[in-house]
Every structure is written in C-alpha cells, then in structure tokens.
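Reviewing the structure listed below.
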Amino acid sequence: MLNIKNLHVKLEEEDKQILKGINLSIGAGEVHAVMGPNGSGKSTLAYVLSGRGGYEVTEGSAELQGQDILAMEPEERAAAGLFQAFQYPVEIPGVGNMTFLRTAVNAQRKARGEEEMSAGEFLKVIRAKAKDLQIDAEMLKRPVNVGFSGGEKKRNEILQMTMLEPKMCILDETDSGLDVDAMRLVSDGVNALRDAGRSFLVITHYQRLLDHIKPDVVHIIADGRVVKTGGPELALEIEHNGYADILAEVS
C-alpha cells in the first residue's frame with residue numbers, strides 16, 4: 001500500500017536535516033504504529049507524506065499503490081487515497097461543516113472520474129455516520145472545528161475520514177488531549193474503517209491508544225531513522241521501560 005525508501009528530508013528555512021533515511025513498508029489492510037522520543041521526526045514524516053510546505057525531500061521515495069506521491073500536490077495525494085488526521089485540527093471560520101465535507105467528497109470523486117454525490121444522498125450518508133460518532137446535527141451546521149472541544153475536533157476528523165473513505169490513513173497523535181470516553185469513540189470510528197483495502201499509520205506516544213487500535217507492526221523512530229521494528233509487544237516495552245534501553249542498543 002505505502003512504500004517509503006531511504007527518505008531524507010530537511011527543513012527548507014533552517015537547512016536542518018530531520019529525516020535521515022526512513023524505510024517503511026505498509027501492506028494493504030495493515031495498521032502500523034510509529035513511536036519515538038520528541039523531536040525524532042514522527043510528525044515530519046506525516047507532514048511530508050501529506051504534502052505540507054516547508055520541507056524539502058533531498059533523497060528517497062514514497063509510493064502509494066505504486067504512485068509517486070512526493071511528485072503530487074496535496075489535493076492530488078488526497079484524491080489518490082491519502083488522508084491525514086492532525087494533532088491539532090485547524091478551525092475554518094465561515095465554512096460550514098456540511099458544506100466543507102460535501103465539497104471535499106465530491107472533489108475527490110470528480111478527480112477519480114466518479115459521479116458526484118447528490119445533496120440528498122450526501123445528507124443521508126453523513127447523518128448515519130455522524131450518529132455513530134455521537135456528532136449531533138448542530139455540530140454539522142457549525143463552521144469547521146470553530147468552538148469545538150478537543151474531543152469534538154478529533155471526532156469531526158474521523159467523520160471526515162469516514163466520508164472520504166481513503167486507502168491510506170495517517171493519524172498524527174490523534175489521541176492528544178482526549179479523555180477516556182472521547183478516545184474510545186475516536187478509536188471505535190477508526191476500527192470501523194479497518195478492512196483489507198485500507199491501511200493506517202498511527203503516530204503516538206502512548207500505549208493507551210494502541211489498547212484500542214491494535215497495531216500489526218510497531219516502529220520506533222529516533223534521530224530521523226527507524227531504529228527498531230517489532231510487534232505490538234514493542235509498544236508495551238516502551239510503555240514500561242521508556243526509550244533508553246532501545247536507544248542504547250542502536251547507539
């Protein structure tokens with residue numbers, strides 16, 4: 001599904017190397033978790049894959065289902081099936097949630113050569129999906145994320161993901177700021193989307209999220225590189241012992 005080879009990335013303004021040879025391969029239907037100390041490059045990886053500005057790829061490649069996503073504009077990556085849920089979802093004053101979602105859904109459908117969703121069909125689908133995430137009609141009418149609590153913003157992002165039905169979902173510390181109930185709701189929304197044709201890259205600091213979203217593979221990133229890969233037990237090891245032992249192994 002997603003293949004990253006020898007990816008090197010630097011900050012454009014500071015000429016500072018952040019990623020120093022990332023190698024990752026995520027198969028169809030797999031959930032991979034990425035963990036690591038602060039400043040190790042986890043969020044930079046997510047930003048570069050989704051096409052955020054301010055970063056320069058100096059070496060390496062990233063392909064989604066065989067397509068070179070690094071050569072695409074952000075909207076082209078989205079149409080190709082890439083979705084990112086942000087640690088801090090942005091507010092968009094003046095743009096209604098429903099309008100935003102219908103425009104996004106139909107823009108992607110059009111880019112893929114599919115028929116656009118009618119207003120009636122869209123309303124029926126979004127109401128059903130919003131109900132599962134405990135998003136009420138009032139939230140759907142409000143401007144995107146404006147006045148939303150942290151948990152509401154995260155649930156709204158999962159609603160976006162549910163409506164867009166991407167192939168590759170990147171969750172960048174989506175558990176940040178969530179209480180126990182909100183995390184369960186968000187996790188249930190993610191788990192409902194898991195299937196053989198959809199993959200996830202889950203970036204997190206904490207085992208508590210992985211208690212709900214069970215990963216197939218766990219990667220530890222340090223100093224811009226993947227330094228260790230293992231099964232779900234690797235996340236538990238980090239939870240109990242921290243990163244010191246693993247970093248000492250690879251130093």
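Any read-out appearing in this document is the output of simple, stated calculations on the displayed coordinates, not a laboratory observation. These numbers come from a predicted model, not from an experiment. Heads up, the Cβs are rebuilt from the backbone with ideal geometry, glycines too, and the neighbour counts pull from every protein chain shown.
Summarising the amide proton neighbourhood of Q84: residues at separation of 5 or more, or on other chains, whose placed amide H is nearer than 5 Å comprise I170. Taking Lys and Arg as +1 and Asp and Glu as -1, the other residues whose beta-carbon sits under 15 Å from that of L140 total +4.
What does the helix-only formula give at 222 nm for the chain: each DSSP H stretch with n ≥ 4 adding -39500 (n - 2.57), the total divided by the residues, and the result rounded to the nearest 500 deg cm²/dmol? Walk me through the intermediate numbers first.
Working: 10 runs with 99 residues, N = 251.
Using -39500 (n - 2.57) per qualifying helix, the result is -11500 deg cm²/dmol.
Taking a sphere under 11 Å around the Cβ of I238 and counting the other residues whose Cβ falls inside, with K and R at +1 and D and E at -1, yields a net charge of -3. Each residue of segment 242-248 was assigned a 3J(HN,Hα) from its phi angle through the Karplus expression (A = 6.51, B = -1.76, C = 1.60, θ = phi - 60°), giving x, 9, 4, 5, 5, 5, 5 Hz with x at Gly and Pro. A straight chain from T58 to E165 at 0.36 nm per residue would run longer than the Cα-Cα distance by 35.4 nm. Convert 20 °C to kelvin, take the viscosity as 1.002 mPa s, use the Kirkwood radius over C-alpha pairs of the chain as Rh, and evaluate the Stokes-Einstein diffusion coefficient in µm²/s, rounded to a whole number. Stokes-Einstein gives a translational diffusion coefficient of 114 µm²/s. Shape verdict for segment 74-124, please, from the Cα gyration tensor: rounded (a/c under 1.5), prolate (a/b greater than b/c) or oblate. Oblate. The amide H of A222, built 1.01 Å from its N in the peptide plane, has V227 as neighbours under 5 Å, considering only residues 5 or more places off or on other chains. If R0 is 25 Å, what FRET efficiency do you get for V90 and A244 from their C-beta distance, rounded to 0.05? My answer for the efficiency is 0.10. Centre-to-centre separation between the Cα atoms of segment 193-251 and those of segment 107-133: 34 Å.
Couplings 3J(HN,Hα) of segment 200-214, computed from phi: 9, 10, 9, 9, 7, 9, 10, 5, 4, 5, 6, 5, 9, 10, 6 Hz, in residue order, whole Hz [Karplus 6.51 cos²θ - 1.76 cosθ + 1.60, θ = phi - 60°; x for Gly and Pro].
DSSP beta bridges confined to the chain are antiparallel in about 60 percent of cases.
Looking at V31, N106, V9, which one has the Cα that reaches farthest to the positive end of the dipole of segment 2-250 (charges on Cβ: Lys, Arg +1; Asp, Glu -1)? Positive-end residue among those listed: N106.
Classify segment 23-107 from the C-alpha gyration tensor, please: rounded if a/c falls under 1.5, else prolate or oblate depending on whether a/b exceeds b/c. Prolate is the answer for segment 23-107, as a/c is 1.5 or above and a/b outweighs b/c. If R0 is taken as 41 Å, the Cβ-Cβ distance between Q17 and K124 corresponds to a FRET efficiency of 0.25.
From the Cα trace of segment 62-177, what convex hull volume per residue do you get, rounded to a whole Å³? Don't jump to the answer; show the numbers that get you there.
Details: hull volume 12.5 nm³, N = 116.
It comes to 108 Å³ per residue, whole-number rounded.
What is segment 136-192 by shape, rounded, prolate or oblate, if you read a ≥ b ≥ c off the alpha carbon gyration tensor as root eigenvalues and call it rounded for a/c under 1.5, prolate for a/b larger than b/c, and oblate otherwise? Oblate.
Charged neighbours of L178, selected by a Cβ distance under 11 Å, balance to 0 (K, R count +1; D, E count -1). Under 5 Å from the amide H of R142 lie the amide H atoms of N97, each residue being 5 or more positions distant or on a separate chain, with H modelled from the backbone and absent for Pro and chain starts. Restricting the trypsin sites (Lys or Arg not before Pro) of segment 1-90 to loop positions (DSSP other than H, G, I, E, B) with no more than 14 neighbouring Cβ atoms within 10 Å leaves R52. The 3J(HN,Hα) values that the Karplus relation (6.51, -1.76, 1.60; θ = phi - 60°) gives for segment 72-88 are, in residue order, 9, 6, x, 5, 6, 5, 5, 5, 6, x, 9, 9, 10, 9, 8, 5, 10 Hz. Gly and Pro appear as x.
What is the calculated FRET efficiency for N106 to S149, with r their C-beta to C-beta distance and R₀ = 25 Å, to the nearest 0.05?
Numbers: r = 29 Å, r/R0 = 1.14.
The pair N106/S149 has a calculated efficiency of 0.30.
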